[in-house]
1. When both residues are 6+ apart or on different chains and their Cβ atoms are under 7 Å apart, which pairs have a first residue that lies in region 124-151 and is free of Cβ contacts under 8 Å to residues at least 60 places away in the same chain, and a second that is basic (K, R)?
2. Quick one: how many residues across region 76-117 are closer than 22 Å to L21 by Cα, of a type outside the set (K, R) and touching a residue at least 60 places away in the same chain (Cβ under 8 Å)?
3. In this structure, does T153 turn out to be touching a Lys or Arg at 6+ places or on another chain (Cβ under 9 Å), closer than 18 Å to H24 by Cα, open to solvent by 60 Å² or more (accessible area, probe 1.4 Å) and assigned to a helix (DSSP H, G or I)?
4. Would you check if A74 is surrounded by 10 or more Cβ atoms within 10 Å (Cβ to Cβ), modelled with pLDDT of 95 or more, small (G, A, S) and over 29 Å from G7 (Cβ atoms)?
5. Considering T84, T126, T104, which residue is surrounded by 14 or more Cβ atoms within 10 Å (Cβ to Cβ), farther than 24 Å from Q5 by Cβ and not hydrophobic (A, V, I, L, M, F, W, C)?
Amino acid sequence: TIVAQEGIAALYKGAVPALLLTSHGGVQFVAYEYLKGCVALAPPGGEDRKRRLANGRSVAGRARDSFGYLCMGAVSKIIASTVTYPLQVIKSRLQQRAETAELTPAGRALVLRREYSGLADCAARTWQEGGVRGFFRGAVPNALRVAPGAAVTFFVYENTMDYLEAGVHVA
């Protein structure tokens, strides 16, 4: 077990970056609201959502808004994931077992001993090993993995708010 091999402190490896990663949601919502204002889906001139909906929207207008919500949800998640990805890399490296096996490009197994004294040591060694790219290795597949879920989440949220604020009551 981890406790037997690495001690009780090993259970808390990566706790500091994990706490810092709570900023991910804040970055995502700020990006979403900014994008919403940029594409003019935010109510113009302070007009509230209920008033905008009372004026009615065509099917094409609703489809445009829905597509916009999907796109803005996906893009805001990609922005938040990219901004916070270095913390994710550091957290993952800190939580990694001390000894790992990796394959070399030649196909040989290589046993690596990775043990970090803390967050700063991990960040410094990541920088030494790969520079900026070391902090973003795997960011694109991660963004492609998380963007669709965020797109659907914001789509459902915005459409639910439209229905609730327009006075449509779901029984």
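1. Pairs found: T126/R93; G130/R137.
2. 11
3. So T153 fits the description; yes.
4. yes
5. Exactly one of T84, T126, T104 is surrounded by 14 or more Cβ atoms within 10 Å (Cβ to Cβ), farther than 24 Å from Q5 by Cβ and not hydrophobic (A, V, I, L, M, F, W, C), namely T84.
The values are calculated or read from the model by the stated rules, or taken from the named source; none is laboratory data. None of these values were measured; they are calculated from a predicted model. Cβ coordinates were reconstructed from backbone atoms using ideal geometry, including for glycine residues, and neighbour counts include every protein chain displayed. Calculation scope for accessible area: heavy atoms of the full protein, side chains included, ligands and nucleic acids excluded. Shrake-Rupley method; radii C 1.70, N 1.55, O 1.52, S 1.80 Å.
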